[in-house]
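Since the structure comes first, as structure tokens, the remarks are kept for the end.
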Amino acid sequence: MNYGVNLMREHVKESTRIHYVMPSAGEAPNVVPEYAKVWYYVRDADRAAVAKYYDWILEIAAGAAMATRTTHKVTLITGVHAMLFNRPLQEAMQLNLEAVGAPAFEDADQQFARELQRGLDLEEKGLVVEIKPLADEPLPVSGGSTDVAEVSHITPTVGLSVTTAAAGVPWHSWATSASHGTPGSVRGAMVATKVMVLTGVDMLTDPSLLRRAREFFDEAKGGRPYVSPIPVDQKPPVPEGGEE
């Protein structure tokens, strides 16, 4: 099956990401395993592409079972949409970010960040404190996924990113974990907290902001109802009776 999926790679969009890991693949070399398990992520910049490639992978799974005279079972664990941005809420949050200001990192915070970058052969920029302006249009997709995107298709939603780790360090790495155990990361999180609170106050006290956010949301949805990527009859993938 993995061989078949890897043959897809020259036929998918450049924005497509297909990751896999094998949690179970046998117990000894030279012995065909009685049971094997593979776990896939299928990601892209839009939901339609994800659905297309997911269906393709299901066909590969069925083909692999036919080729090996085995049975197979597919469990869909979760699925998400692309984020639906809301311009009025973004503009309100940007104003609050500029009012709060960038995190006031101390010299020790910057020194630690540069040490991490030095150890990874990265440019020693330290912690970025620049507040970027709100872009006129959505920027190109840079990777990552979040279930907050599902909320954004149900109701107007907004979020922001604040520096909490050394610039350039890869996420899902020891360097990021080390960064998030420092006082500097707390300083970044406090900025994010203040901006979110102020934006919440705006929504509670400015009816026009809520109206504009709702109008933008309704126009972006175009009357299309939200449909979860997860089948309505799917049970949560949790162990039963304490056993996996």
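Rounded to the nearest 0.05, what FRET efficiency do Asp202 and Thr78 give with R0 = 30 Å and r taken as the Cβ-Cβ distance? Could you check?
0.40
Assign unit charges at the C-beta atoms only (+1 for Lys and Arg, -1 for Asp and Glu), then state the dipole size of segment 125-244 relative to its Cα centre in Debye, rounded to the nearest 20.
Charge dipole, segment 125-244, about its Cα centre: 480 debye, nearest 20.
Rounded to whole Å and ordered largest first, report the semi-axes of the equivalent ellipsoid of the chain derived from its Cα gyration tensor (root of 5λ).
They are 39, 27, 17 Å, listed from largest to smallest.
Report the relative contact order of the chain, percent, no decimals, based on alpha-carbon pairs under 8 angstrom and at least 6 residues apart.
It rounds to 20 percent for the chain.
Projected onto the charge dipole of the chain (+1 at Lys/Arg Cβ, -1 at Asp/Glu Cβ, origin at the Cα centre), which of His81, Ala135, Ala28 gives the Cα projection farthest towards the positive end?
My answer, from the dipole projection, is His81.
By how many nm would the segment from Asp218 to Lys235 lengthen if fully extended, with 0.36 nm per residue of separation less the alpha-carbon distance?
Stretched out fully, the Asp218 to Lys235 stretch lengthens by 3.0 nm.
How about segment 16-60: which GluC sites (Glu not before Pro) there lie in a loop by DSSP and see at most 15 other Cβ atoms within 10 Å?
Here the sparse-neighbourhood loop sites are Glu27, Glu34.
Compute the angle between helix 87-100 and the longest alpha-carbon principal axis of the chain, please, reported from 0 to 90 degrees and rounded to the nearest 10.
The two axes meet at around 60 degrees.
Counting each DSSP H run of 4 or more residues in the chain as -39500 (n - 2.57), what helix-only mean residue ellipticity at 222 nm follows after dividing by all residues, to the nearest 500 deg cm²/dmol?
Here the helix-only value at 222 nm equals -13500 deg cm²/dmol.
Along the charge dipole of segment 87-221, which of Leu120, Pro156, Pro170 sits closest to the positive end, that is, farthest toward it, with unit charges on the beta carbon of Lys, Arg, Asp and Glu (+1, +1, -1, -1)?
Value: Pro156.
Taking just the C-alpha trace of segment 1-138, give me its Rg and Dmax in Å.
22.9, 65
Taking the chain as the reference, fit the longest principal axis to its C-alpha atoms, fit the long axis of helix 47-68 to the helix C-alpha atoms, and give the angle between the two in degrees, 0 to 90, nearest 10.
20 degrees
Rounded to the nearest 10 degrees, what's the angle between the helix 107-119 long axis and the longest principal axis of the chain, both from Cα atoms, 0 to 90?
So the inclination is approximately 30 degrees.
With a 10 Å Cβ neighbour count serving as the proxy for reagent exposure, in which order, fewest first, do Ser173, Ser208, Ser142 appear?
The most exposed by this proxy come first: Ser142, Ser208, Ser173.
Over segment 87-221, with a single point scatterer placed on each C-alpha, what log10 of the ratio I(q)/I(0) does the Debye formula yield at q = 0.13, 0.20 1/Å?
-0.66, -1.22
What ranking do Trp39, Trp56 get, fewest neighbouring Cβ atoms within 10 angstrom at the top?
Final ranking by Cβ density, sparse to dense: Trp39, Trp56.
What net charge do the residues around Ala166 carry, taking every other residue with its C-beta under 15 Å from that of Ala166, with Lys and Arg at +1 and Asp and Glu at -1?
-4
Counting other Cβ atoms within 10 Å of each Cβ, which trypsin sites (Lys or Arg not before Pro) in segment 52-81 have at most 12 and sit in a DSSP loop?
Arg69, Lys73
Just how large is the dipole of the chain about the Cα centre, in debye to the nearest 20, putting +1 at every Lys and Arg Cβ and -1 at every Asp and Glu Cβ? It would help to have the intermediate numbers written out before the result.
On the way: 22 positive and 31 negative charges, 90 e Å.
The calculation lands at about 420 debye.
Report the chymotrypsin sites (Phe, Trp or Tyr not before Pro) located in segment 106-197 that are in a DSSP loop and have at most 12 other Cβ atoms inside 10 Å of their Cβ, or state none. Walk me through the numbers on the way to the answer.
Details: sites: Phe112, Trp171, Trp174; in loops: Trp171.
Answer by residue number: Trp171.
Need the list of lysines near Lys132 for cross-linking: C-alpha distance under 27 angstrom, and skip anything on the same chain fewer than eight residues off.
Output for Lys132: Lys194.
We did not get these values from a lab; they are worked out from the coordinates using the rules stated. The shown structure was predicted, so the numbers you read here are calculated from the model rather than taken from an experiment. Here Cβ is always computed from backbone atoms with ideal geometry, including for glycine, and neighbour counts include all displayed protein chains.
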